[in-house]
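Taking it in order: structure first as structure tokens, then the write-up.
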Amino acid sequence: MEETKDPLCRTPRSSGLGWQNLRALLGGKRTLYNLITLAVVVGVWQFMSDQYRSDLLLPPPWKTAKAFFVAATDLDTLKNLLLTLRRVATGLGIALLIGMTFGFLMGYSKTVMQLVDPVMGGLRQVPVMAWVPLTIVWFGLGDGPTVFLIALVGAFPILLNTIAGVQSISKDYFHAARTMGASSWSIFKDVMVPAALPDVLTGMRLAVSAGWMSVI
């Protein structure tokens, strides 16, 4: 004899089911939090714009979005954007070459560290704007000064993070590699590079931010 179920007896739904579905739809907590932060920023922006009542000092978000769309579809703006991207990419490529080369050498060798660190430390303390007149004299007007400044400010984050990554490698890895007959090149590519790569990537991310801020 089959048991009949009362249609009025339903399993109560979880109170958090709607919230979970919303999070799943948006791709998790991080996306939801980003949207909340964006909404708060836009709300504060609109409120402050209403207080100033001046499009020159603080235009509202919708006018800014409209101007952005117009600029994004303008050919001259796109050409200038591609020119800036080329400068940033060139400068960051030079910064990556200099930062990683000296970073691995200074992190691995105490002798190189003692020889190069005073020079790098002194250059790192010079403000970026102090280099502008010199770069114009050295390279003239054009891509030269901008690429030089981007490479300069981008090299130091990569350099310092690469040094930190190499110095954080346990000496046991080097001893084990030498015991198994590994050459200096094998130690570099199989031990140093993989172990220091997370720190190098952190330096590259900082270098990208610094490079964009140095575009003039």
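None of the figures in this text is laboratory data; all of them are computed from the coordinates on show. Keep in mind that this is a model prediction, so the values were computed, not measured. Cβ atoms come from the backbone with ideal geometry, glycine included; neighbour counts cover every protein chain shown.
Annotations
- Mean silhouette area of the stretch 151-216, derived from the convex hull of its C-alpha atoms and averaged over all directions, reads 4.5 nm².
- Taking other C-beta atoms within 10 Å as the exposure proxy, Y33, Y108, Y173 rank Y33, Y173, Y108 from fewest upward.
- Across the chain, C-alpha contacts under 8 Å between residues 6 or more apart give a mean separation that, scaled by the residue count, equals a relative contact order of 22 percent.
- Within the chain, longest stretch free of exposed trypsin sites (Lys or Arg not before Pro) [DSSP loop, at most 13 other beta carbons within 10 Å]: 54-216
- Dipole magnitude for the chain: about 80 debye, using +1 per Lys or Arg Cβ and -1 per Asp or Glu Cβ, origin at the Cα centre.
- Contour excess over end-to-end distance, with Cα ends at V70 and M180 and 0.36 nm allotted per residue: 33.3 nm
- Helix 143-167 vs. the chain, principal-axis angle (Cα, 0 to 90°, nearest 10): 90 degrees
- Against the empirical curve 2.2 N^0.38 Å, the C-alpha radius of gyration of the stretch 75-213 lands at a ratio of 1.23.
- All-pairs Cα distance distribution in the stretch 75-132, expressed in whole percent, bin size 10 Å: 19, 33, 28, 13, 6, 0
- Normalising the Debye intensity of the stretch 54-96 to I(0), with uniform scatterers on Cα atoms only, and taking log10 at q = 0.14, 0.19, 0.23 Å⁻¹ returns -0.52, -0.70, -0.77.
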